[in-house]
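In what follows, a single structure is set out as structure tokens and then discussed.
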Amino acid sequence: MGALRRERVSTPGGIALAAGRPVRTRGGRHGLVGGIAAHPLFRHPLLIGFAWFMFYPLAWMVTASLRPDAAINNFSLWPGRDFTLANYARAWQGVAGVTFVRLFLNSLVVAAATVAGNLLSCAMAAYAFSRIDFKFRGTLFSIMLVTLMVPYHAVLIPQYLMFRQFHWLNTFLPLIVPKLLATDAFYIFLLTQFFRSIPTELDQAAHIDGAGHLRIFCTIILPLSVPALATAAIFSFIHSWNDFFAPLVYLTRTANFTLPLGLRAVGDSSAESAFGALFAMSVLSLLPVIGIFIAFQRLLVEGIATTGMKG
Amino acid sequence: MKHGQAGKRRFSRQRVADNVAAYLFLSPFLAGLVAIIAGPMASSLYLSFTDYGGFGLPEWVGLENYARAFGDPRMWTAARVTVTYTATAVPSVVLFALLLATALNRGVGFLPVYRAVFYVPSLIGGSVAVALLWRQVFGATGLLNHALNLIGIQHQTSWIGSPSTALGTLVVLQTWQFGSAMVIFLAGLRQIPRSYYEAASVDGAGRFQQFVFITLPMLSPLILFSTVMAMIGALQAFNAAYIISGGSGGPADSTLYFTLYLYQQGFVNFQFGYASALGWLLILTIATATAALITGTRRWVHYGESA
């Protein structure tokens, strides 16, 4: 995968920076959308219009969750006189006797364990790849990158049979244990890239002072990598929070359902008449992701910009 | 003891210590590689040559599962749906990302706000909540038909319920998530020295020429990379089709992704042998397509002078 080697465009951009040129802002005369669209007077209305068009369905879902079911065919964005919180009360009751809080907590437990497992195991692997010179480093690094391509569906059946053998079906273990074993190469890659940018003089100095790899890892690399670790944690959380396929395979008892499975169950059982509750539950399930994004959007945007991938 | 020997011994002891430390740090990764990835890949290869219902012992059947796959019309339907989806969704994601990145790059005000707003769908687009919303938006009495009625187009049928448009709604859902590719392109655009454009401008190149001869070549490694990642993702798409079709891949198998068919064979029909064969066909397809994309575009991808 030659493309992975150069996730940043290798251009003399650094030279332009060193020469004090403002590389950040560029004169408004280059690009594809020329002519009228390039004029600032038109650009903002165009962009805002486009964003409006993209987000209308989401905004409408929020409004529809605040209206009675009978008003499902009202497509305006203001609930007005119809305003009600009844749908949220119904959503709170969850599905098939399992409360919303339970579904939420199930998702939260899986996501928290996933984040912790991913961070620890991937940071360890990334430390070895970025800071230690060892036999087969190049080979193992390539293998790690290749695993990015392995489709989950293709290894699922043996994994399923193995976890069934362990009596792990209907537990969270099949969702969590693989994360403890650094199987998400994306995070290893992200952290390796970051660790490489930390000057090696720091470890050498610590090494001369008698520090071993464990001390260097814990007292130098990890504290200096908080932004990268936070990025990995956020991606990992959102990925786990949205995950539907693995829970679908491993969790069949309603009491163990994560939020996406609960939502699916409500979506399947409810006819047109229960749209409000379904949307209320959907909105509630999206809130943590939106909240995290608003709180940490700079880290996320930088995370994908430097690794060239999304989580 | 001579100094040199001592140094050499210390050096080699250091090397041993480094190797031990490295493999200790890698132990979770190596265990995962063996137990969660390589091991299952090998056993899925073995299972693909067997008939296995999940209990008892797998029965060796040689190439029968593969022969069955190639003669299975639904497998071909699933392959066609997946290829159609990938071949339309991936270019449209990359195109939208490129267009918006270029539009946002030229010193536009409130860039961080726009970037954040356009990025949000990438975070939530894969969720069940959004898939359920999509089902409503493209339904018979949904948002889209309502909007079409407002501008005088009478469209009463469901876009999800019609075999000719159902897959299109999934392509739209994927395209809606162009934001993460856009952020990557924006970062890449910033690395292009302004002097290139100035020089081209002096030589009389117009905006379109500058885009074609500077922006595109300079961004080409990132475009290729995003295309490869989007393609690998698209070939494995599952969630939206499962939710929107209620797990069936319908209507009339029009959203039957390959992964969905694999899931049905494995976890609905419990034909683990056949499903494993489908899994290996998917692995081979992804590997071939990735290799083809990377080698096929080698002539057009520009890695800069240092490469």
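Pairing residues of the range A:61-74 that are away from chain B (no Cβ under 11 Å) with residues that are surrounded by 20 or more Cβ atoms within 10 Å (Cβ to Cβ) and outside any loop (DSSP other than H, G, I, E, B), at Cβ distances under 6 Å and at least 6 apart in sequence or on separate chains, gives A:69/A:275; A:69/A:276. The set of residues from the range A:228-251 being more than 10 Å from chain B (Cβ to nearest Cβ) and not in a helix (DSSP H, G or I) comprises just one member, A:251.
Taking the conditions exactly as written (in the same structural domain as residue B:234 (by TED's automatic domain parsing) and under 20 Å from residue A:53 (Cα atoms)), does residue B:117 satisfy them or not? Answer is yes for this residue. Residues of the range A:75-95 that are among the hydroxyl-bearing types (Ser, Thr, Tyr) and modelled with pLDDT of 85 or more: A:88 alone. Checking each residue of the range A:203-213 against the condition of being surrounded by fewer than 19 Cβ atoms within 10 Å (Cβ to Cβ) and either hydroxyl-bearing (Ser, Thr, Tyr) or within 8 Å of chain B (Cβ to nearest Cβ) (or both) gives at least one match.
Restricting B:241, B:252, B:287, B:292 to those that are surrounded by 20 or more Cβ atoms within 10 Å (Cβ to Cβ) and not aromatic (Phe, Trp, Tyr) reduces the list to B:241.
What single numbered condition from (1) touching a Gly at 6+ places or on another chain (Cβ under 9 Å); (2) at pLDDT below 90 fails to hold for residue B:247? Unmet condition: (1).
Listed here are the residues, each with its yes/no results for (1) under 24 Å from residue B:34 (Cβ atoms); (2) at pLDDT 95 or above; (3) not assigned by TED's automatic domain parsing to the domain that holds residue A:284.
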| site | (1), (2), (3) |
| --- | --- |
| A:156 | yes, no, no |
| A:174 | yes, yes, no |
| A:184 | yes, no, no |
| A:206 | no, no, no |
| A:233 | no, no, no |
| A:250 | yes, yes, no |
| A:253 | no, no, no |
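In the range A:39-49, the qualifying residues are those that are more than 7 Å from chain B (Cβ to nearest Cβ) and in contact with a helix residue (DSSP H, G or I) (Cβ under 8 Å, 6 or more places away or on another chain), and the one that is modelled with the highest pLDDT is A:46. If a residue has to be more than 9 Å from chain A (Cβ to nearest Cβ) and either among the hydroxyl-bearing types (Ser, Thr, Tyr) or under 18 Å from residue A:156 (Cβ atoms) (or both) to count, how many in the range B:296-307 make the cut? Residues that pass the stated criteria total 1. For the range B:72-177, the helices (runs of 4 or more DSSP H) that sit wholly inside it and include 2 or more residues that are at pLDDT below 90, under 22 Å from the mean Cα position of the chain (by Cα) and facing chain A (nearest Cβ under 10 Å) are B:111-124.
Here's the yes/no breakdown for (1) touching a residue at least 12 places away in the same chain (Cβ under 8 Å); (2) under 30 Å from residue A:98 (Cβ atoms); (3) within 15 Å of the chain's Cα centre (by Cα):
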residue: A:208; (1), (2), (3): no, no, no
residue: A:228; (1), (2), (3): yes, no, yes
residue: A:232; (1), (2), (3): yes, no, yes
residue: A:248; (1), (2), (3): yes, yes, no
residue: A:256; (1), (2), (3): yes, yes, no
residue: A:263; (1), (2), (3): yes, yes, no
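Taking every residue in the range A:269-297 that is closer than 14 Å to residue B:121 by Cα and surrounded by 16 or more Cβ atoms within 10 Å (Cβ to Cβ) and pairing it with any residue that is of a type outside the set (Phe, Trp, Tyr) and modelled with pLDDT of 95 or more, at least 6 positions away or on another chain, yields no pair with a Cβ-Cβ distance below 7 Å. Looking at the range A:136-168, which of its residues are more than 11 Å from chain B (Cβ to nearest Cβ) and within 25 Å of the chain's Cα centre (by Cα)? Residues satisfying the conditions are A:142, A:145. Before we move on, is residue A:133 surrounded by fewer than 17 Cβ atoms within 10 Å (Cβ to Cβ) and at the interface with another protein chain (Cβ under 7 Å from one of its Cβ atoms)? Considered against the rule, which asks whether it is surrounded by fewer than 17 Cβ atoms within 10 Å (Cβ to Cβ) and at the interface with another protein chain (Cβ under 7 Å from one of its Cβ atoms), residue A:133 comes out as yes.
Determine whether the range A:66-74 contains at least one residue that is at pLDDT 90 or above and not in a loop (DSSP other than H, G, I, E, B). No, the conditions are met nowhere in the range A:66-74. Looking at this structure, is residue B:228 facing chain A (nearest Cβ under 10 Å), closer than 19 Å to residue B:297 by Cβ and either part of a loop (DSSP other than H, G, I, E, B) or touching a Ser or Thr at 6+ places or on another chain (Cβ under 8 Å) (or both)? Against the criterion (facing chain A (nearest Cβ under 10 Å), closer than 19 Å to residue B:297 by Cβ and either part of a loop (DSSP other than H, G, I, E, B) or touching a Ser or Thr at 6+ places or on another chain (Cβ under 8 Å) (or both)), residue B:228 qualifies.
The values are calculated or read from the model by the stated rules, or taken from the named source; none is laboratory data. All figures in this text were calculated on a predicted structure; none of them were measured in a lab. Every residue, glycine among them, receives a Cβ derived from its backbone with ideal geometry; neighbour counts consider all protein chains shown.
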